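Asker: Please find one structure pasted underneath; my questions will follow.
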Amino acid sequence: MLPTPSDSLGIFDALDTLTVSLQDSCQSSASSYFGNSKIPWHAGSDKKGYITLWPSSPNSGTCWDVSSKSSLTHGGGGDSQAIANMVDYAITKYGVNRDRVYLTGGSSGAMMGNVLAATYPALFKAASLYSGVPAGCFVSSSGGVDQWNNTCSGGQSKASAEQWYVSSLCFPTSFQ
């Protein structure tokens, strides 16, 4: 049984809040970040009683798939759907409040966080992401998984706000 402590504001209750931590960079893993004492989510969940989910990329080199059509499409399969399924399982299994599901990530995890926010917008209340690129920036013309894009990563991709707004492509039914 998980502890049920609350912070001084009373905003965290056990089994009520879920933070999805997508911290792994392309040369790392979720377990290495989980063991890093400088990452606050592990200690915070132990002390405050909220749940953290630490998915790890299944791809070679450990980068998340942020380039294939399957990951860039709601319900299309790929890494984004696998993580969304994990979140749905945690919500059901542990009684998490759907209005208290948050997403954080860095590097490849930030890129996947942007993809998740675009493909599963109703699943996350908020996201805090750093050192990543926008959803769709790494889209692969070959359909490959885990494809690198020097133009995107080098900051050379230029587009209007409408062109960057790929959520309607990732989850078209939510905008009709």
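Asker: Per residue, how big is the convex hull of the range 25-64 when only Cα atoms are used? Give it in Å³.
Answerer: Once divided by residue count, the hull of the range 25-64 is 60 Å³.
Asker: What is the set of long-range amide H partners of L72 at a cut-off below 5 Å, with H atoms built 1.01 Å from backbone N?
Answerer: Hits under the 5 Å cutoff: none.
Asker: For the range 18-175, take the convex hull of the Cα atoms, compute a quarter of its surface area, and give me that in nm², please.
Answerer: Spelled out: convex hull of the Cα atoms, projected over all directions, averaged, 9.3 nm².
Asker: Debye calculation, C-alpha points only, no solvent: report log10 I(q)/I(0) for the range 64-115 at q = 0.21 Å⁻¹, in the same order as the q values.
Answerer: Once normalised to I(0) and log-transformed, intensities are -0.79.
Asker: Next question, about the same structure. Any chance you could get the radius of gyration and Dmax over the Cα atoms of the range 95-161, in Å?
Answerer: Cα-based Rg and Dmax for the range 95-161 come out at 13.4, 44 Å.
Asker: Residue farthest toward the positive end of the dipole of the range 18-175, with Cβ of Lys/Arg at +1 and Asp/Glu at -1: which of S57, I39, G75?
Answerer: Checking the options against the dipole of the range 18-175, the answer is I39.
Asker: Which entries of K69/K158; K38/K93; K125/K158; K93/K125 show an alpha-carbon separation above 25 angstrom in the structure shown?
Answerer: Correct reply: K38/K93; K125/K158.
Here, each number is a calculation from the coordinates, and none is a lab measurement. From a predicted model like this one, the values you see are computed outputs, not experimental measurements. As a convention, Cβ positions derive from the backbone with ideal geometry for all residues, glycine included, and neighbour counts pool all protein chains shown.
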